[in-house]
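Derivation of every value follows stated rules applied to the coordinates shown; laboratory data play no part. What you see is a predicted model; the values in this text were computed from it and never measured. Here the Cβ is made from the backbone with ideal geometry for all residues, glycine too, and neighbour counts use every protein chain on show.
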Amino acid sequence: MKTHNLVLRINGEDRQVTVRSADTLLYTLRGRLGLTGSKPGCLNGDCGACTVNVDGWPMKSCLMLAVEAQGKEITTVEGLHDAPIQKAFVEHFAFQCGYCTPGFIMNCHSLVNNHPGADDKKIKEWLESNICRCTGYAEIEAAVKEVLGKKS
């Protein structure tokens, strides 16, 4: 299978990596670059555990080929460095087992950055793209609302 030598911009750094044409961004991040915050879940785009931000928007990295990511700004949960949404997740106990948490954090980080005036409907719409099997979504909503400056 053909390989490609890529330079990917990840968490503000250029990273060189050799990938096969069929390698997903998720596989590349975890298996080639050691960035294990994005989690494999369903591997078909349903659960959102693998969500990263690409050019500021949430992307399920199991659905994106690594070769498609060249020239884009990729942010993983490792690149947030105490973002307000991370602190809000801790303060509101918006996690249980934690497996889905990095994907939720990345999705919510993008939500608050791209829709700072998000209403309840917009928040619920965005949270539908990620699945948590352990907890209700009330704590996650509360964390998002705190960062948006809204009362829960």
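Specify the residue that is nearest to residue 79 (Cα to Cα); the eligible residues are those in the range 125-152 that are in contact with a Cys (Cβ under 6 Å, 6 or more places away or on another chain) and buried (at least 19 other Cβ atoms within 10 Å of the Cβ). Let's see the steps before the verdict.
Pass one, the range 125-152, residues in contact with a Cys (Cβ under 6 Å, 6 or more places away or on another chain): 131-132, 134, 144.
Those left that are additionally buried (at least 19 other Cβ atoms within 10 Å of the Cβ): 132, 144.
Working: 132: 22, 144: 19 Å.
My answer is 144.
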- Query: Could you say whether any residue in the range 18-31 is among the acidic types (Asp, Glu) and within 24 Å of residue 149 (Cα to Cα)?
  - Reply: no
- Task: Being out of contact with any Phe, Trp or Tyr (no Cβ under 9 Å at 6 or more places or on another chain) and in a helix (DSSP H, G or I) is the filter here, so list the residues in the range 105-141 that pass it.
- Result: 106, 109, 112, 113, 120, 121, 122, 123, 125, 126, 138, 141
- Query: Considering the range 54-69 alone, what residues qualify as being under 22 Å from residue 20 (Cα atoms), surrounded by 15 or more Cβ atoms within 10 Å (Cβ to Cβ) and of a type outside the set (A, V, I, L, M)?
  - Reply: 60, 61, 62
- When residues of the range 90-124 are filtered for being within 13 Å of residue 58 (Cα to Cα) and surrounded by fewer than 20 Cβ atoms within 10 Å (Cβ to Cβ), how many remain? 3
